[in-house]
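The values are calculated or read from the model by the stated rules, or taken from the named source; none is laboratory data. Computed from a prediction, not measured in an experiment: that's the story for all the values here. When we count neighbours, we look across all protein chains shown, and the Cβ atoms used for this are built from the backbone with ideal geometry, even at glycine.
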Amino acid sequence: MSVEPLSPTHAGGLFRRKPIGDRHGPQLNRTMGTFQLMMFGVGATVGTGIFFVLSSAVPEAGPAVIVSFLLAGLAAGLAALCYAEMASAVPVSGSTYSYAYATLGEIIAMGVAACLLLEYGVSTAAVAVGWSGYVNEALVNITGLQLPQAILAAPFGTPGQETGIINLPAVILTLLCMLLLIRGASESAKVNAIMVVIKLSVLVMFSIIAFTAFTTDHFADFAPMGSAGVATAAGTIFFSFIGLDAVSTAGDEVKDPQKTMPRALIGALFIVIAIYLLVAISAIGAQPWTDFEGQSEAGLSKILEIITGNTVWATILALGAVISIFSVTLVTMYGQTRILFAMGRDGMLPRTFSRVSAKTQTPVNNTIIVAIVVSLLAAFVPLDYLIDVVSIGTLTAFIVVSLGVIILRYRQPELPRGFKVPFFPVTPILSIIACGYILANLHWYTWLVFALWVGVFIAFYLLYGRKHSVLGRMLAGEDVDADDADDAEVAH
């Protein structure tokens with residue numbers, strides 16, 4: 001790929017742009033193919049939503065939650081097409097952060113990085129929290145023993161919610177993922193692919209059993225909360241589409257990324273939407289929508305238990321969820337470490353974040369740091385406080401990618417692309433509108449948390465990142481190659 005030459009616009013301070021094709025600094029090994037990368041997308045997405053978000057979304061929209069899934073899926077689909085083009089044009093680690101750096105400028109990229117780190121960090125913790133419910137459900141069904149509440153929940157929660165001291169299973173899950181990621185990206189991808197097959201199998205099993213109790217009466221009061229409820233639920237459900245973004249974080253570790261990444265993104269999208277709709281329709285057909293509230297812990301297993309009158313199938317689903325939600329945590333942790341790696345390589349974070357182990361070819365420092373932060377979130381923050389915060393980060397990232405496609409098409413039409421968005425510029429514009437519509441319906445306190453977090457990141461950039469930027473130093477004529485040599489010595 002040709003590298004875009006530096007020009008006066010790059011030297012524009014806060015809005016200087018990184019040349020497309022620049023691979024300066026530490027590199028990762030390209031070991032993943034299309035199937036493994038597609039399974040990364042499915043692994044990070046399916047499970048995050050279906051296994052426990054129905055208990056939050058159905059009470060908001062009623063049976064019309066199916067429309068909410070379609071709305072969220074439409075927005076995600078439009079954005080996925082934009083991601084496919086950007087990933088083929090800018091095939092490096094860092095996802096939307098790297099795309100924004102190449103199209104919108106350095107300070108915008110830092111704001112996007114804030115969105116991504118919030119999105120990945122919080123979603124990983126939220127999934128780990130949900131995992132605890134399935135661990136406990138499986139243990140009760142198999143042995144009759146129940147884990148103490150003190151080690152199953154955070155020390156505070158919403159009114160009426162049971163609390164504990166620490167969510168210990170969530171911490172254990174995070175540490176297990178950390179150990180696997182440290183071993184290597186290829187090993188992690190293989191384990192994830194196995195987990196995804198198990199995950200899809202148990203969800204198909206759930207749907208088959210749920211359809212045996214299906215009744216159209218449960219769809220009679222289709223939209224009790226009106227269009228506002230549908231939109232609110234779509235915002236909550238959007239939390240479950242974060243996995244598509246995880247595919248784009250692997251740009252430095254994929255074989256033939258210009259072709260592989262678009263194929264993996266679009267393939268993962270079709271699998272995700274299909275399985276979500278299948279499970280949502282069968283679940284609502286099997287159980288009145290008013291019964292979903294309060295089923296946040298192991299909700300689908302409870303439905304099977306009610307339908308069959310025994311715990312056998314519920315136990316199988318719970319065990320499948322224990323295994324499959326592991327894959328969500330694994331991939332979202334992976335994504336966050338690669339974003340931090342890209343930022344460290346660009347000088348936006350201290351150099352420790354860009355260092356790669358010579359033995360495993362993974363950013364070990366990042367993996368340990370992410371595991372510690374996620375463990376603390378998962379241990380002490382309840383799931384209800386986490387889901388909408390993830391949605392706002394995801395939606396913002398999707399909007400930036402869609403905008404980036406438009407800018408790059410006009411700024412560099414000759415740039416090699418392995419995939420082009422169909423119906424340009426209508427598709428990226430529709431993506432921006434759809435994501436903006438869902439954003440507008442998120443709760444005000446979600447916006448407040450988001451604004452504070454982005455503000456902190458921009459302040460960090462102005463105090464640290466702007467001065468240490470590799471691009472800025474190159475433009476100033478400094479020799480940054482010596483830093484790479486130092487990092488190589490440290491890695492060995």
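Take the conditions (1) within 30 Å of residue 300 (Cα to Cα); (2) small (Gly, Ala, Ser); (3) in contact with a Cys (Cβ under 7 Å, 6 or more places away or on another chain); residue 375 misses just one of them, which is (3). Candidates in segment 274-295 are the residues that are surrounded by fewer than 21 Cβ atoms within 10 Å (Cβ to Cβ) and closer than 18 Å to residue 46 by Cβ; of these, the one that is farthest from the chain's Cα centre (by Cα) is 281.
The residues of segment 199-240 that are within 30 Å of residue 360 (Cβ to Cβ) and at pLDDT below 90 amount to a single one, 199. Where residues in segment 128-162 are over 25 Å from the mean Cα position of the chain (by Cα) and under 10 Å from residue 380 (Cα atoms), which of them is surrounded by the fewest Cβ atoms within 10 Å (Cβ to Cβ)? Going through the qualifying residues, I end up with 156. Of 378, 371, all but one fail to be small (Gly, Ala, Ser), modelled with pLDDT of 85 or more, within 27 Å of residue 55 (Cβ to Cβ) and outside any loop (DSSP other than H, G, I, E, B); the exception is 378. Only one entry in 396, 362 is buried (at least 24 other Cβ atoms within 10 Å of the Cβ) and at pLDDT below 90, namely 362.
Suppose we keep only residues that are hydrophobic (A, V, I, L, M, F, W, C) and within 33 Å of the chain's Cα centre (by Cα) within segment 214-227. Which one would you say is farthest from residue 271 (Cα to Cα)?
225
Within segment 296-323, the set of residues being among the polar types (S, T, N, Q), surrounded by fewer than 22 Cβ atoms within 10 Å (Cβ to Cβ) and touching a residue at least 12 places away in the same chain (Cβ under 8 Å) comprises 296, 308, 311, 315. The set of residues from segment 163-183 being under 21 Å from the mean Cα position of the chain (by Cα) and not in a helix (DSSP H, G or I) is empty. I'd like to verify a number: residues in segment 316-358 that are assigned to a helix (DSSP H, G or I), of a type in the set (Gly, Ala, Ser) and farther than 17 Å from residue 127 by Cα, how many? Residues flagged as assigned to a helix (DSSP H, G or I), of a type in the set (Gly, Ala, Ser) and farther than 17 Å from residue 127 by Cα within segment 316-358 amount to 3. Restricting attention to segment 251-266, does a residue exist that is outside any helix (DSSP H, G or I), of a type in the set (Asp, Glu) and surrounded by fewer than 24 Cβ atoms within 10 Å (Cβ to Cβ)? Checking segment 251-266: at least one residue is outside any helix (DSSP H, G or I), of a type in the set (Asp, Glu) and surrounded by fewer than 24 Cβ atoms within 10 Å (Cβ to Cβ).
Taken over segment 424-472, residues that are assigned to a helix (DSSP H, G or I), over 25 Å from residue 405 (Cα atoms) and touching a Gly at 6+ places or on another chain (Cβ under 6 Å) amount to 1.
Does any residue of segment 105-115 turn out to be modelled with pLDDT under 85 and small (Gly, Ala, Ser)? Checked against the condition, which is being modelled with pLDDT under 85 and small (Gly, Ala, Ser), segment 105-115 yields no hits at all.
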